[in-house]
1. Taking a quarter of the surface of the Cα convex hull of region 303-382, what do you get in nm²?
2. Using the C-alpha atoms of the chain, what convex hull volume per residue, in cubic angstrom, is computed?
3. Using only the Cα atoms of region 39-80, what semi-axes does the equivalent ellipsoid have when each is the square root of 5 times a gyration tensor eigenvalue? Give whole Å, largest first.
4. Eigenvalues of the Cα gyration tensor times 5, then square-rooted: what semi-axes does that give for region 1-59, in whole angstrom, largest first?
5. Divide by every residue of the chain the summed helix terms, -39500 (n - 2.57) for each DSSP H run of at least 4, and state the resulting mean residue ellipticity at 222 nm, rounded to the nearest 500 deg cm²/dmol.
6. With N residues in region 1-115, what two-decimal value do you get for its Cα radius of gyration over 2.2 N^0.38 Å?
7. Per residue, how big is the convex hull of region 84-152 when only Cα atoms are used? Give it in Å³.
8. Highest mean first, how do 32-40, 65-73, 207-215, 99-107 rank when packing is the count of other Cβ atoms within 10 Å averaged over residues?
Ligand SMILES: Cc1ncc(COP(=O)(O)O)c(C=O)c1O
């Protein structure tokens with residue numbers, strides 16, 4: 001209970017509600033794996049990969065151990081390494097830039113658009129020169145579909161084409177969303193996603209996948225995820241990783257994928273309710289025409305230094321919030337020595353001071369949401 005009401009606290013993401021809905025289906029799926037005992041790359045992994053490909057329209061899907069590994073495997077398969085510049089937004093989760101550094105390349109930070117929170121194609125174009133001046137070879141770009149909203153994939157593709165950049169879409173938060181009528185998973189040369197439990201399509205542990213239409217690239221990924229194997233795992237033809245999606249997680253994800261379209265629709269309804277209740281008091285997210293978000297987060301903007309006060313007032317009413325992300329990557333201790341593109345990343349800095357994410361999941365009922373909306377309105381007015 002909280003200090004202002006007698007109502008119970010509201011979960012930020014309700015994984016347990018989904019677990020109750022799926023009930024026996026998950027128990028049975030896990031039990032089937034426990035019977036055949038093929039815990040690594042068992043039949044459920046192939047089945048789930050085929051289901052994912054059908055869901056988003058990608059030709060090939062290679063699952064792996066996490067979203068971070070999915071991004072890294074894509075860079076490894078393309079041979080990105082020392083001397084290469086990998087462009088990524090500063091306003092994102094650390095993994096986006098981390099993988100560039102892990103393969104020995106240099107992340108170059110690019111700004112985002114204030115309206116969408118996603119990579120700004122103009123800032124990307126300006127950063128190409130910065131990289132060249134530093135003696136780096138512009139090699140890859142990682143647009144991020146932040147908070148579930150697809151990035152400006154046409155804008156990024158146009159810049160990437162002129163500069164010969166390899167495009168890896170970081171759809172860790174956006175898988176399930178669509179861009180101009182096509183689901184994410186089919187943009188750029190490869191797409192990476194995460195099945196971390198809090199993601200729109202999450203498992204009960206870590207997991208990830210890479211999507212591509214390129215057969216040769218997909219075959220390289222298959223080798224990389226098993227120590228760079230060749231004709232078998234004791235034939236090592238390249239340096240790789242141990243990065244497989246557990247069979248149990250694949251079995252769980254197949255059950256979750258069945259209800260995913262229904263959950264996406266429920267998230268959409270929740271986002272509409274928030275927009276209706278809040279658009280006159282705070283900055284609410286806007287979805288550009290022709291795009292759909294999967295609403296990994298519902299992130300409002302509270303300018304004028306009032307964000308932290310609002311978060312504290314909501315906490316006192318049992319309404320949890322989160323700040324994604326309080327420090328943009330170009331200011332993080334681990335990343336601040338990496339270059340920022342010409343023109344700077346001022347929007348990223350501003351957003352870090354203004355954003356606040358509200359509870360969002362497919363099981364957010366209207367009554368709970370009314371309580372959140374009322375609390376925000378009260379706090380903003382006080
Ligand atoms: C934008 C973004 N990229 C990459 C990742 C990494 O995914 P994982 O946690 O599965 O490694 C995440 C998730 O946390 C993310 O939000």
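Where a number appears in this text, it was derived from the coordinates with a stated rule and is not lab data. If you're wondering where the values come from, they're calculated on a predicted model, not measured in any experiment. For neighbour counting, all protein chains shown are included, and Cβ atoms are generated from backbone atoms with ideal geometry for every residue, glycine included.
1. On the way: hull surface 28.4 nm².
So the mean shadow area of the Cα hull is 7.1 nm².
2. Values: hull volume 51.7 nm³, N = 382.
Spelled out: Cα convex hull of the chain, divided by residues, is 135 Å³.
3. Numbers: eigenvalues 80, 40, 13 Å².
The three semi-axes for region 39-80 are 20, 14, 8 Å.
4. Working: eigenvalues 258, 63, 17 Å².
Over the Cα atoms of region 1-59, the ellipsoid semi-axes are 36, 18, 9 Å.
5. Values: 12 runs with 155 residues, N = 382.
One gets -13000 deg cm²/dmol as the mean residue ellipticity at 222 nm.
6. On the way: Rg = 20.5 Å, N = 115, 2.2 N^0.38 = 13.4 Å.
Normalised by 2.2 N^0.38 Å, the Cα Rg of region 1-115 equals 1.54.
7. Working: hull volume 4.9 nm³, N = 69.
Output value, Cα hull per residue: 72 Å³.
8. On the way: 32-40: 11.9, 65-73: 27.1, 207-215: 23.2, 99-107: 20.4.
With the highest mean Cβ count within 10 Å placed first, the list reads 65-73, 207-215, 99-107, 32-40.
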